[in-house]
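Novice: Here it is, the structure in full.
Read-outs: derived from the displayed coordinates by stated rules, not from any lab. Predicted model only: the values in this text are computed from it and were never measured. Every residue, glycine as well, gets a Cβ built from its backbone with ideal geometry; the counts of neighbours run over all protein chains shown.
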């Protein structure tokens, strides 16, 4: 009898270990499917850098895992000088730099896709702009993880603050889609001059239930990137934009983020044709962003 009980206990414990292992594998599978599709170098539009001359420079810094992350820094005055060569001088404002902005990009892209956007943001908002790649994206070392991208965002924010000679809390953080969870986390826990969130989700759990309604997603994820639970702790001004026909992240999730944010806050819905996921900014969108940045200085 004792041997039979011993065997039963052995098989029970073995079964539990296999179950735990299976759950762990499912968590990694879900994270990969929900969050990360990193295009690594040389995938991308790296030749675009050659078209910007000396307007930007490639920079690198390390995260807490000592992995080298690669970014691109756009200095406002150099962007203005570059643009003045192709546009009438009267069309290019020649004002002093208004701030430092960290842009956290979304999934399935790297910084080589963001040249035009970075120059637009720098020129429109009169900001020095840093775009960067999370671990495993572009030229950055390592492999992306849900906890890791939050650390990567802080490493980038720290570099930008040190380079521009400002405090970390003075950096404006801007996150699109996946990057929204990074920007919200930084602003909520560390403080920020301003928070901009574009087409982002409430949490990975909410996205998981949309994609895998048959799985207990919240119990399988190591890190839920729950922006909806964090954004209420953000004390700086908040600007959130989300298009109604967004098929990647439902409009309702962007609205919930806004509803949970503290005042002062702005919610912007882009017009038709510019309201899908990762849409280019229309003139109205650019104007609204300018107004927001002007209001927080």
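Novice: If I take R0 = 35 Å and measure r between the Cβ atoms of residue 189 and residue 272 in this structure, what FRET efficiency does the formula 1/(1 + (r/R0)^6) give, to the nearest 0.05?
Specialist: E between residue 189 and residue 272, to the nearest 0.05, is 0.45.
Novice: Can you give the three extents of the C-alpha atoms in the stretch 122-213 along their principal axes, from longest to shortest, in whole Å?
Specialist: Cα extents, longest axis first: 47, 27, 26 Å.
Novice: Of all beta bridges DSSP finds with both residues in the stretch 35-296, what is the antiparallel percent, to the nearest 5? Walk me through the numbers before you get to the answer.
Specialist: Numbers: 11 of 34 bridges.
Counting only bridges with both partners in the stretch 35-296, antiparallel ones make up about 30 percent.
Novice: For the stretch 35-296, take every pair of Cα atoms, bin their distances at 5 Å starting from 0, and report each bin as a whole percent.
Specialist: 1, 6, 14, 18, 20, 19, 13, 6, 2, 1, 0, 0
Novice: Could I have the simple spin-label model distance between residue 297 and residue 43, label points 7 Å from Cα toward Cβ, reported in nm to one decimal?
Specialist: 3.9
Novice: Could you tell me the relative contact order of the stretch 35-296? Use alpha-carbon pairs under 8 Å, at least six residues apart, and round to a whole percent. Walk me through the numbers on the way to the answer.
Specialist: Numbers: 542 pairs, mean separation 40.7, N = 262.
After rounding, I find 16 percent.
Novice: Something else now. State whether the stretch 49-179 is rounded, prolate or oblate according to the following rule on the C-alpha gyration tensor (a ≥ b ≥ c being the square roots of its eigenvalues): a/c under 1.5 gives rounded; otherwise a/b larger than b/c gives prolate, and the remaining case gives oblate.
Specialist: Cα axes put the stretch 49-179 in the prolate bin.
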